[in-house]
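Encoded as structure tokens, the structure appears first; notes follow it.
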Amino acid sequence: MRSFHTILFDLDGTLTDSSSGITTTIQLTLAHYGMEEQRENLLRFIGPPLEECFSEFLPVSEVPAAISHYRARYSTIGLFENEVYPGIPAMLEALGAAGLRLAVTTNKPRPFSVRILEHFDLAKYFQVIEGAALDGTVSTKRDVIELTLSRFDGLDRSRTVIVGDRLHDMEGASQCGISAIGVLWGFGSREELAPFYPCLLAKSPEEVTRFLLNRGQERR
């Protein structure tokens, strides 16, 4: 049984419940364009790039302006309308104490991600924090995973896994030749994640911790 040495974590829906800040800011952005949408209908846009969200509602030519409008509020208010899931700090503490290398790999722009992680005192657990680029040069989950992997020396992809809650995390793992753990406390579902054959579908951070640490002990 293969053990993992490098663990990548998605942010939204995996480490923090960011639903309030993201859906409220999307809702207000759409209102700026004269559209009304219930927040519960916007949960599906947590995880994918913003282009996917606004392209569903607006002409392609207006999407960049909508993203700028979104970020104006999100960067000052929305990113802190957020909370850490129970059990996350203990999970990160245990994995770090066991000598595993931890990183954040998110489609959220890196500057926002760093501010969120620092605000909730989580940044200290990660050797690498990577996210999408504000200029769009790094946008897909595959892009962000590859950027994250490039930050580690001597990385073995066969011993690397991403922990995430959406199909984009699973797809990115497959495209980059790494393993995936799906979490069921975020915004995805078992039906969304299971077709990608993750090595674990976890109901709690404690389950992720046990899985990763037990694999390491069995390897030794």
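Of the residues making up the stretch 79-111, those that are out of contact with any strand residue (DSSP E or B) (no Cβ under 7 Å at 6 or more places or on another chain) and among the hydrophobic types (A, V, I, L, M, F, W, C) are L79, F80, I88, A90, M91, A94, A97, A98.
Among the residues of the stretch 86-93, not a single one is modelled with pLDDT under 95 and buried (at least 16 other Cβ atoms within 10 Å of the Cβ).
Listed by first and then second residue, the pairs with beta-carbon distance under 8 Å, at least 6 apart or on different chains, first residue in the stretch 147-167 and assigned by TED's automatic domain parsing to the domain that holds V104, second part of a loop (DSSP other than H, G, I, E, B) and aromatic (F, W, Y), are R159/F4; T160/F4; V161/F4; D165/W185; D165/F187; R166/F187.
Screening the stretch 180-214 for residues that are of a type in the set (A, V, I, L, M, F, W, C) and assigned to a helix (DSSP H, G or I) and picking the one that is surrounded by the fewest Cβ atoms within 10 Å (Cβ to Cβ) gives A194.
When restricted to residues that are of a type outside the set (K, R) and in a helix (DSSP H, G or I), the stretch 119-134 contains 3. Quick check: anything in the stretch 91-100 charged (D, E, K, R), touching a residue at least 60 places away in the same chain (Cβ under 8 Å) and in the same structural domain as L213 (by TED's automatic domain parsing)? Taking every residue of the stretch 91-100 in turn, none turns out to be charged (D, E, K, R), touching a residue at least 60 places away in the same chain (Cβ under 8 Å) and in the same structural domain as L213 (by TED's automatic domain parsing).
Entry remark, the stretch 38-68: residues being in contact with a strand residue (DSSP E or B) (Cβ under 9 Å, 6 or more places away or on another chain) and either under 14 Å from L28 (Cβ atoms) or free of Cβ contacts under 8 Å to residues at least 24 places away in the same chain (or both) number 1 in total. Of the numbered criteria (1) out of contact with any helix residue (DSSP H, G or I) (no Cβ under 6 Å at 6 or more places or on another chain); (2) within 18 Å of A31 (Cα to Cα), the one Y74 fails is (1).
Answer yes or no as to whether T140 is more than 21 Å from N82 (Cα to Cα) and within 12 Å of the chain's Cα centre (by Cα). Answer is yes for this residue.
Checking each residue in the stretch 111-138 for being touching a residue at least 12 places away in the same chain (Cβ under 8 Å), of a type in the set (S, T, N, Q) and surrounded by fewer than 16 Cβ atoms within 10 Å (Cβ to Cβ) picks out only Q127.
A103 satisfies every condition listed in (1) under 26 Å from A66 (Cβ atoms); (2) in contact (Cβ under 8 Å) with a residue 40 or more places away in the chain; (3) buried (at least 18 other Cβ atoms within 10 Å of the Cβ) except (1).
The values are calculated or read from the model by the stated rules, or taken from the named source; none is laboratory data. From a predicted model like this one, the values you see are computed outputs, not experimental measurements. For neighbour counting, all protein chains shown are included, and Cβ atoms are generated from backbone atoms with ideal geometry for every residue, glycine included.
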